[in-house]
1. Short version: ³J(HN,Hα) in whole Hz for each residue of the range 70-83, in order, from phi by Karplus 6.51 cos²θ - 1.76 cosθ + 1.60 (θ = phi - 60°), x for Gly and Pro, what are they?
2. Tabulate in residue order the Karplus-calculated ³J(HN,Hα) for the range 45-58, using 6.51 cos²θ - 1.76 cosθ + 1.60 with θ = phi - 60°, rounded to whole Hz; enter x for Gly and Pro.
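Computed from the coordinates by the stated procedures, all read-outs in this text should not be read as laboratory data. All of these numbers come straight from a predicted model, not from anything done at the bench.
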Amino acid sequence: MATKMLPRVQGAPLTAQGVRDLDQLPRRDWRDPMPVNVGPDERALSAVSGGALVALGLARGGCLGLGLIWTGTALMLRGVTGHCPVSAVTGQNTT
C-alpha cells in the first residue's frame, strides 16, 4: 500500500539503507518564510470571520471568550498573510 508523503519529506535524500534521511531535509527559502497557499476568496472570508470571532470573544469574556479571540486572531492572520500552516503541512494549495 502506497502512502502519500509530505512534499518536504519527499525531497529528503536516501540513506545507504534506502530510507529517507530526515536530518537532511531541504530548507525553505529564507526570503519567503510563509508562502501564500490560500486563495483570495478564502483569505477574505478568513479575515472577516476572524474579526467577527474576535469581536464576539471580547463581548463574551471569560475562558470561552479567550478561545474565540485566539481562534479569530489565527483566522485573521491566515487572511492577512495568505498562509495556512495546516494546508502547508498537508501539501494543499488553494491559490
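1. 5, 5, x, 5, 5, 5, 5, 4, 4, x, 6, 8, x, 10
2. Couplings: 5, 5, 5, 5, 5, x, x, 5, 5, 5, 4, 5, x, 5 Hz.
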